Every structure is written in C-alpha cells, then in structure tokens.
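The values are calculated or read from the model by the stated rules, or taken from the named source; none is laboratory data. The structure presented is a predicted model; accordingly, all values stated were derived computationally and were not measured. When we count neighbours, we look across all protein chains shown, and the Cβ atoms used for this are built from the backbone with ideal geometry, even at glycine. Quick note on the areas: whole protein, heavy atoms, side chains included, nothing else; ligands and nucleic acids left out. Shrake-Rupley method; radii C 1.70, N 1.55, O 1.52, S 1.80 Å.
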Amino acid sequence: MREIRKKIILIGDIGVGKTSLIKRFVKQEFSDEYLSTIGVRVDKKTIQLEEEIVHLLIWDLAGEIMQNKAYESYIKGAAGIIGVFDITRPSSLKSVKAHMISIESKNPDIEVMLIGNKLDLAEEFNVDLSNISCDFLTSAKTGEKTNEALSQIAKTLIH
C-alpha cells in the first residue's frame, strides 16, 4: 500500500469555524467555547483510501493572517487549500472566494475546495441553502459532512 504525505491549508475569515472543523475531523470533538487561533495551528490526520494511506498535514491559518496577505508565505508546499465560510455570514463567502482566486492565480496546480460551515444554524438564520454554491455544506458542531469533505480533498490530492 502506497503512503502519501500532503500539506493542506484552511483559510477563511475570523469565526467561520476552521478550527472547529479540524477538531471534528481529527479528534471527533466539538466545543461551543470560542478560542481564536493565533498564527497557525497544525494538525495531522491519516486517511486510508482504497490503495493509499494519505497523511494530511493540516494548517489552520488564523483569520487575521488573511487580512494582511501574510498567508501567501504559508501556501508554499501546499497541495491543497480549503476555503471555509460561515453560511450565516455572506460576507465571509465573498472574502474567502477573493483569497482563493488570488491563491489559484499564483499556484495553478493547487487543489481547491470551498466549504460552507455552520449548517446547523441554517434554519435559525433563515439561510436559503439553494443559493449557496460550494463543494460541501458542513457543521463542525454536529459533524455533518465534515469527514466526507476532508476525505474528498485527500482523494483529489492523490490523483
């Protein structure tokens, strides 16, 4: 069985749930307590696919890093990037899309994925899910589609 190591980066505005998504994916945990990421947090997750074992090095960039373009130095060596936005805050989608366009223009071979997070709040905030275009709608709180989304990027990275 082939073993592969890949670096992926999570980007998005402050408070969209990047850290919560990773915590759910890596440890199957969730906390309602908000802890802002300072700088970069790196986690590891190993995923076994049909023919490969994929070791993901997941870099969770603090939202502040996105505001001053400091993220560009963290992109080096990344095979994939996941843009995360909060479905209850449309401005977070606009922001992350702009960053992803910039990143893709400088790194045309990088795999990209767009995740709308906080699906558990859609009803409370009257979010029309049919108007949201992204790769996955997830909820770090309930775990809905979190494993599927991150497993999908792993599959994409090996092909």
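Given SER130, SER139, which one is of a type in the set (Ser, Thr, Tyr), out of contact with any Phe, Trp or Tyr (no Cβ under 6 Å at 6 or more places or on another chain) and open to solvent by 10 Å² or more (accessible area, probe 1.4 Å)?
Every option except SER130 fails the conditions.
Listed residues GLY39, GLY17; which is small (Gly, Ala, Ser), open to solvent by less than 40 Å² (accessible area, probe 1.4 Å) and either more than 12 Å from the chain's Cα centre (by Cα) or modelled with pLDDT under 90 (or both)?
Within the list GLY39, GLY17, the selection yields GLY39.
Pick out, from the stretch 43-148, the strands (runs of 3 or more DSSP E) lying fully within it that include 3 or more residues that are over 14 Å from LEU21 (Cβ atoms).
52-61
Out of the stretch 95-113, which residues are under 23 Å from GLU144 (Cα atoms) and open to solvent by 20 Å² or more (accessible area, probe 1.4 Å)?
LYS97, GLU111, VAL112
Would you confirm, using the coordinates I've provided, whether GLU123 is loosely packed, with under 14 Cβ neighbours inside 10 Å, farther than 13 Å from ASP13 by Cβ and of a type outside the set (Lys, Arg)?
Yes; evaluated as a whole, the condition is true for this residue.
Scan the stretch 1-31 for residues that are among the hydrophobic types (A, V, I, L, M, F, W, C), part of a helix (DSSP H, G or I) and in contact with a Leu (Cβ under 8 Å, 6 or more places away or on another chain) and jot them down.
Of everything in the stretch 1-31, those that are among the hydrophobic types (A, V, I, L, M, F, W, C), part of a helix (DSSP H, G or I) and in contact with a Leu (Cβ under 8 Å, 6 or more places away or on another chain) turn out to be LEU21, ILE22, PHE25.
Return the pairs, sorted by first residue and then second, in which the second residue is open to solvent by 20 Å² or more (accessible area, probe 1.4 Å), the first residue lies in the stretch 137-156 and is charged (D, E, K, R), the beta carbons are less than 7 Å apart, and the residues are 6+ apart or on different chains.
LYS141/PHE30; LYS141/ASP120; GLU144/LEU119; LYS145/PHE136; LYS145/LEU137; GLU148/PHE136; LYS155/LEU49
Quick check: is even one residue across the stretch 83-95 under 13 Å from LYS6 (Cβ atoms), touching a residue at least 12 places away in the same chain (Cβ under 8 Å) and either touching a strand residue (DSSP E or B) at 6+ places or on another chain (Cβ under 7 Å) or acidic (Asp, Glu) (or both)?
No, the stretch 83-95 contains no residue that is under 13 Å from LYS6 (Cβ atoms), touching a residue at least 12 places away in the same chain (Cβ under 8 Å) and either touching a strand residue (DSSP E or B) at 6+ places or on another chain (Cβ under 7 Å) or acidic (Asp, Glu) (or both).
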